[in-house]
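Participant: Quick one: structure below, then a few questions.
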Amino acid sequence: MATVPSVSNSITVRLEVPATGNAVSAITTAVESSGGSVTGLDVTASGLEALRIDVTVAASSVAHGEEIVEKLRTIDGVTIGKVSDRTFLMHLGGKIEMSSKLPIRNRDDLSMIYTPGVARVCMAIAENPEDARRLTIKRNSVAVVTDGSAVLGLGNIGPAAALPVMEGKAALFKRFAGIDAWPICLDTQDTDEIVAIVKAIAPGFAGINLEDISAPRCFEIEARLREALDIPVFHDDQHGTAIVVLAALMNALKVVGKEISEIRVVMSGAGAAGTAILKLLMAAGVEHATVADVRGVVHQGRDDLNDNLRWIADHTNRSGRTGSLKEAVAGADVFIGVSAPNLLDGEDLATMAADAIVFALANPDPEVDPAVARQTAAVVATGRSDFPNQINNVLVFPGVFRGLLDAQSRTVNTEMMIAAARALAATVGDDELNPNYIIPSVFHKDVAKTVAAAVRDAALAATSEAPTPSRPTPGIVGTLDTASFPAVRL
């Protein structure tokens, strides 16, 4: 699949050009003839004989950017200066910071924020540990924990290399849900050590977001932490992806007029994301599912089944199918891929049922070319931002955690995740719904607060609680409503 210029590969090139002549036109022509796109052209200095111009160019890759720069060098009279990668500039010094919510202007402020006044607050929490949710940042804090073993599509690159992703996740938590999230990158990939470390740091947080931990270890880590901790543990690679897929499927089924209990789903990928998607779809009503991995269809007769694959074999593939993914998709209503690029082609999709739904989510290159899929499928979604219907976890995790924190939930369960999916699907109105718009934009103003409200209600229902009338529902940024709290002991 041909790649297109993207802002994620944009560069800014500083050039000196003659003040007269057609240098600017030549620059634009050189970029476009090389397959790039000029997105900005700024004159930053001018003299009688020369201009200094900063040209911003979108390329399709790092190598493509270098090719464009070399093409610019060939223009007569043009001198190349500094070349800046805009993505790297954005990451210089990190993307997040800690700041104080209160001014420290004088001795009085210092004595209340820190010693000696802080000691009274410490003793209040020592007497009643639950006060930590009211009197510290704990009430609005999430730990984003990784061991760097499965970072994006990059693989096992380690904790230091994973830090930019965790910073980005923390920035998204703040931007979309007002949550203070902290990157925690662990220099160990030992399951027991990870569980012990997260248990040890848990008192400072109201939730744990596991991120980019490879399967099958991620299943055990999540299960053990959920058992041990009294705060919700959410593995976004599993459950965030599953919620968005379920929401998109709910709306896609509306578009094609099919019922979730009647469709036949074929999935490619039996790792963390694939298993979580499968389980959530089945909890939501899917009754006919078949899963394939690198060895083909998962069935009970295979001799390579680990615990996870055994569960899949025991709970799917009722008809006992064997063979390849290509064979399995024949007659299927829905294909969902969370695996590898270019596994299917147009001929394979043509064998699917009428009004087929295709979610090809491998990134950056999907299981099937979206342009090809659209020739036969009624609805197509990908994980990419340059095609309609992007399945993106940022639609979910900020709102899910906002709801969990607002409810002071001690866990997260399937009912809460289904509630999140239904709320996300409902942000697309019936008058907006069409094959190219089954899922909202990540910048839709109602997404985070709608998902948060649904999760909060489900979490409160799970503990047989109801919102107290005297305590207003916290806003999407989790504003501290001190008037609603019980008096702190003095």
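The values are calculated or read from the model by the stated rules, or taken from the named source; none is laboratory data. Please read these numbers as outputs of a predicted model, since none were measured by experiment. Ideal geometry is used to build each Cβ from the backbone, glycine not excepted, and the neighbour counts take in all protein chains shown.
Participant: Quick check, is Glu66 of a type in the set (Asp, Glu), assigned to a helix (DSSP H, G or I) and at pLDDT 90 or above?
Facilitator: So Glu66 fits the description; yes.
Participant: Right, next: If you take the residues of region 149-197 that are more than 16 Å from His235 (Cα to Cα) and part of a strand (DSSP E or B), which of them is modelled with the lowest pLDDT?
Facilitator: Taking the candidates together, the pick is Gly155.
Participant: Looking only at region 195-243, which residues are among the aromatic types (Phe, Trp, Tyr) and within 18 Å of Ala420 (Cα to Cα)?
Facilitator: Listed by number, the list holds a single entry, Phe234.
Participant: Now for a different question. Which one of these is aliphatic (A, V, I, L, M), surrounded by fewer than 23 Cβ atoms within 10 Å (Cβ to Cβ) and not in a loop (DSSP other than H, G, I, E, B): Val380, Val394?
Facilitator: Step by step, each of Val380, Val394 is checked, and only Val394 is aliphatic (A, V, I, L, M), surrounded by fewer than 23 Cβ atoms within 10 Å (Cβ to Cβ) and not in a loop (DSSP other than H, G, I, E, B).
Participant: Another one. Which residue, of Gly77, Gly158, is at positive phi, outside the structural domain of Ile201 (by TED's automatic domain parsing) and either surrounded by fewer than 18 Cβ atoms within 10 Å (Cβ to Cβ) or free of Cβ contacts under 8 Å to residues at least 12 places away in the same chain (or both)?
Facilitator: Gly77 is the lone residue from the list that is at positive phi, outside the structural domain of Ile201 (by TED's automatic domain parsing) and either surrounded by fewer than 18 Cβ atoms within 10 Å (Cβ to Cβ) or free of Cβ contacts under 8 Å to residues at least 12 places away in the same chain (or both).
Participant: Restricting to region 223-262, give me the number of residues that are outside any helix (DSSP H, G or I) and either among the β-branched types (Val, Ile, Thr) or under 23 Å from the mean Cα position of the chain (by Cα) (or both).
Facilitator: The number of residues fulfilling the criteria is 6.
Participant: Then there's this: Just to check your reading of the model, which residue among Val62, Val38, Val13 is among the β-branched types (Val, Ile, Thr), closer than 25 Å to Asp386 by Cβ and either loosely packed, with under 15 Cβ neighbours inside 10 Å or out of contact with any Asp or Glu (no Cβ under 9 Å at 6 or more places or on another chain) (or both)?
Facilitator: Val62
Participant: Tell me, yes or no, whether region 318-331 has at least one residue that is buried (at least 22 other Cβ atoms within 10 Å of the Cβ) and not in a helix (DSSP H, G or I).
Facilitator: yes
Participant: Okay, next question. Condition first: among the basic types (Lys, Arg) and either in contact with a Pro (Cβ under 9 Å, 6 or more places away or on another chain) or in the same structural domain as Gly337 (by TED's automatic domain parsing) (or both). Can you find one or more residues in region 404-413 that meet it?
Facilitator: Yes, the conditions are met somewhere in region 404-413.
Participant: Answer yes or no as to whether Ala289 is crowded, with 17+ Cβ neighbours inside 10 Å and not in a loop (DSSP other than H, G, I, E, B).
Facilitator: yes
Participant: Kindly list the number of the only condition in (1) in contact with a strand residue (DSSP E or B) (Cβ under 9 Å, 6 or more places away or on another chain); (2) assigned by TED's automatic domain parsing to the domain that holds Ala328 that fails for Leu225.
Facilitator: (2)
Participant: Could you please let me know if Leu246 is assigned by TED's automatic domain parsing to the domain that holds Arg374, closer than 20 Å to Glu367 by Cα and out of contact with any Cys (no Cβ under 8 Å at 6 or more places or on another chain)?
Facilitator: yes
Participant: So, of the residues in region 80-109 that are of a type in the set (A, V, I, L, M) and surrounded by 13 or more Cβ atoms within 10 Å (Cβ to Cβ), which turns out to be modelled with the lowest pLDDT?
Facilitator: It comes out as Ile96.
Participant: Within region 97-144, considering only helices (runs of 4 or more DSSP H) that don't extend past its boundaries, which have at least 1 residues that are farther than 21 Å from Ile201 by Cα and touching a residue at least 40 places away in the same chain (Cβ under 8 Å)?
Facilitator: 118-127
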